[in-house]
1. A:Lys267: of a type in the set (D, E, K, R) and buried (at least 23 other Cβ atoms within 10 Å of the Cβ), yes or no?
2. Can you say whether B:Pro44 is within 13 Å of chain A (Cβ to nearest Cβ), more than 16 Å from ligand 1 (Cβ to nearest atom) and in contact with a Gly (Cβ under 8 Å, 6 or more places away or on another chain), as far as the supplied structure shows?
3. Take the range A:211-266 and flag every residue that is among the β-branched types (Val, Ile, Thr), without any contact (Cβ under 8 Å) to a residue 60 or more places away in the chain and over 27 Å from A:Asp170 (Cα atoms).
4. Across the range B:1-41, which residue is farthest from the other protein chains (Cβ to nearest Cβ) among those that are in contact with a helix residue (DSSP H, G or I) (Cβ under 7 Å, 6 or more places away or on another chain) and assigned to a helix (DSSP H, G or I)?
5. Output the residues belonging to the range A:369-409 that are over 24 Å from A:Phe185 (Cβ atoms), touching a Lys or Arg at 6+ places or on another chain (Cβ under 8 Å) and more than 9 Å from ligand 1 (Cβ to nearest atom).
6. How many residues does the range A:131-165 contain that are assigned to a loop (DSSP other than H, G, I, E, B), within 25 Å of A:Ala88 (Cα to Cα) and not small (Gly, Ala, Ser)?
7. Tally time: how many residues in the range B:83-116 are buried (at least 20 other Cβ atoms within 10 Å of the Cβ) and within 11 Å of chain A (Cβ to nearest Cβ)?
8. In this structure, is A:Ala286 more than 42 Å from the chain's Cα centre (by Cα), in a helix (DSSP H, G or I) and of a type outside the set (Val, Ile, Thr)?
Amino acid sequence: MNAPAMKASLPANTQPVYRFHGGVHPPEMKHLSNAAPIVPAPLPARLVVPLQQSIGNRAKCRVAVGDLVKKGQLLAAADGTVSVAVHAPTSGTVVAIDEQVVAHPSGLAELCVTIETDGFDVWGDRTPLDWRAALANGDGKTIRDYLRDMGVVGLGGAVFPSHLKLGGRDGLETLVINGAECEPFITCDDRLMRERAGEIVAGIAIVAQLLVARQVLVGIEDNKPEAVAAMREALAASDIGNAHVVVVPTLYPSGGAKQLIKLLTNKEVPSGVRSTDLGVQCFNVATVYTIFRALEHAEPVISRIVTLTGNVARAGNVEALIGTPIADLLDFAGNQSDSEGYIYGGPMMGFELPDTQVGLTKAGNCVIARSAAHFPTKAPEMPCIRCGECATACPQELQPMDLYWFSRSKNFGKAQEWNLFDCIECGACAYVCPSSIQLVDYYRFAKSEIWAAESAKKAADLARQRHEFKQFREEREQEEKAARLAARAAPKPEAAAAAVDPDKAAKIKAAMERAAAAKAGAAPANETAAPAVSVDDDKAAKIRAAMEAAAAKKAARAAAEAGGETPATKPAAALDEEKAAKIRAAMEAAKARKAATDGGVTAPAADATEPVAKAAIDPEKAAKIRAAMEAAKAKKEGRALAPSVSDNTPVGEVAGSLANEEVQVDTPSKPALDPEKAAKIRAAMEAAKAKKEGRAPAPAVPTDTPAGAASAALASEVGQVDTQAKPAIDPDKAAKIRAAMEAAKARKAAKEGGEA
Amino acid sequence: MSFLLAVALMAVLAVILGAVLGWAAIKYKVDEDPLVDKIDAILPQTQCGQCGFPGCKPYATAIADGEADINQCPPGGDDGVRKLADLLGVDFKPLNAENGEEKPKSVAVIDENTCIGCTLCIQACPVDAIVGAAKHMHTIIEKECTGCELCLAPCPVDCISMQPVGETVQSWKWRYPVIKLKVTA
Ligand code: SF4
Ligand code: SF4
Ligand code: SF4
Ligand code: SF4
């Protein structure tokens, strides 16, 4: 498979070559595909372009179904730092943006843009970047952002966003360019170096300048003499100083970044350390090629070179558009009917394609049609005999048999201790294992279990933190409220008064309803901030219907559960004193109404919320409640005093219908100027007068309002109005205060009566 | 004399050391019961209350105090019970069906056209994963939703539904390698 004669003809390295631990010599099988030049793949009828084409975040879609796109047009923009853009590989129409099976071992679907090609392959507008000027200005960021928007990722297989590797450091010791291409069957980098060495070297020059690299080493395995020659020639013709092509012995996996760095610089990258920290950065030849194409020709990454090999008639390399269905590529290569499956990537590190309709991705360097001739059925797995072959072969100097044992027994902690995550899944261990154990499968299993457990733990930690914060927040709010109430204790008596406000009435009413609902079993009775705007009747009607449905369902649920609130809702319900007080007021009102009408529909609500209300009722609240009781008593005695709800306001109307009001009522109380308010004030004053004179009246109460509304209104006033009752200057306030004083007087009288 | 001196010395030493120990006990007091934290770390933090306690921490406390059994947390599933059994050195027992059953992880989704912005769900959410202002449409931050279902009941228009989180390419896990057995006749 190697051509020893050619190897001998290579000029000697000017740079030393070191060794890495282990490694194996699988049959290379490169001769199948490395003879023919790269040809463009035919334009497929449709392209399926996945939006996740790099490590990190999926790109954000920027097109819609039906859009006409030009070649190179942005399909999806980078989302965040660790993400790159995705572009239209050719011109055509976007026919679908949906989940489709992608080239991934899971066989799961991912968001893809499907483009029906129009065959014209016309370029859209390209926006070139004056990268030379940017480089001269030391403006690396512009170039990096540009590369991100051009969708440049590592094409060696890891698809790591390249712009992240070009970050400005103050000088790099060695820039390693990876042309080793150690995996059997794959020849795309070989062909690229042979045919486009000039552009690769131009790319190397850019990267070297960006990173301020003192030395550039291009590592190529000695089974690619033509590529070595071409690259040497191109490098010699360029003006990059201190750049060398280093021929490394063919030994899998010399193309692993850590292995190549060791080979070329003798630096070992320890576990958990990035190579940049050692002054080394590694780029694949195809990546630097696309960097050059992007900067010089404003060409985003819309195609790549793929090796089509294995059981096909015309094995070779094609330049295929990203998104080309693999089936189309296989047809082009003359797929044989006895292929048993298709490997995406190399035979050592690749995976079986779940479906040949998947679109080509930027990671897809090779597609192998699998047949018994090249891939004989593996011998059955036997027990590990602890021969140590795997440890000898492991390029990462791990103990594969121990990792296997821990992974197999799901002892993940131990596996991690033994550096499972340093394993590059090269498969060298499985290749040499005399017991034919599919070691890498176990490592992959263990790694993904550990990742899943870690992300579950992260989610749990986040939830715990947020839950604790919520508890803290509620406590703090409660304290603040208590402090506010205490601060207002002085102007208080004036506030506990009879000026009446339909808004509030409605709110209280809503609170009562909710209390009732809570009793029925489902809704926690802790809501006050009264709800929504509903401008049009239509929506209001809809909402009412929805609420009724919900209420019915809840009732059913409550009946089934027969148990009231879940424990978790209880603390929430118990938290807010002010709310508790309001509810209490509502309860009082309900009781009063019950007494008055003997109906008693809402009275049970009192029981439901009693425990809640018990939570700390300060004297101020007590005063409010007393006031409410007074009002109720007064009503009972036939002195209905509540002209509050003026029938010409929509709000008043709503107060009658229960669920509805929650939706419609909450118009924020405005300062005293509007007529509605004025009417209220008048009414309040009248009420006060009426009360004083013991005369029964209340012309403003609409006839269809239940008797309880008045008392509810009063209760609401008592419960909630205090925010508004400031020492009064304007007539509105004055009226209120007067009313309050009246109420206080009445109360005093009543108390005296009671005591007597 | 020297005997008395020795006794006195020892006594003084005892007092000093005692004081140091006493001070250390106050200064380096461990506020939280470490066992509670260990249990809490195993619980899934869904904060759903299905265990009969208002949140995971109270349940963890109850377990630590021996007031609750280890098989009351449905979101944790049998796996969670097993971990608790390991930690506490007790026997595994299957999940108590009275507390509910293990369901695939879901997140709540608000039908934003129906939402009336009543804020009830915000108050019910144990992890503040719902955003919205009064009278405006609310929405759930999917990433932060624990799937506790506590927001479903309070919604007056029933516009919140639970949607299972399916497996994605990102969350997919490699399966445990299975060895095919050859059938020999
Ligand atoms: S090579 Fe295979 S049999 Fe030998 S020690 Fe490694 S896992 Fe065990
Ligand atoms: S797959 Fe992992 S354990 Fe096996 S040889 Fe490669 S690096 Fe070592
Ligand atoms: S049942 Fe819910 S609240 Fe209880 S421990 Fe489990 S996740 Fe936490
Ligand atoms: S409880 Fe329902 S209606 Fe109210 S804000 Fe939440 S989702 Fe919207």
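1. Criteria not met by A:Lys267.
2. Here the answer is yes, as B:Pro44 does meet what is asked.
3. The one that is among the β-branched types (Val, Ile, Thr), without any contact (Cβ under 8 Å) to a residue 60 or more places away in the chain and over 27 Å from A:Asp170 (Cα atoms): A:Ile220.
4. Out of the qualifying residues, it is B:Leu35.
5. Once the filter is applied, which keeps residues that are over 24 Å from A:Phe185 (Cβ atoms), touching a Lys or Arg at 6+ places or on another chain (Cβ under 8 Å) and more than 9 Å from ligand 1 (Cβ to nearest atom), the range A:369-409 yields A:Pro380, A:Phe406.
6. Adding up the residues that qualify gives 5.
7. 2
8. No, not satisfied.
The values are calculated or read from the model by the stated rules, or taken from the named source; none is laboratory data. Not measured: the values here are computed from a predicted model. Note that each Cβ is placed from the backbone with ideal geometry, even for glycine, and that neighbours are counted across all protein chains shown.
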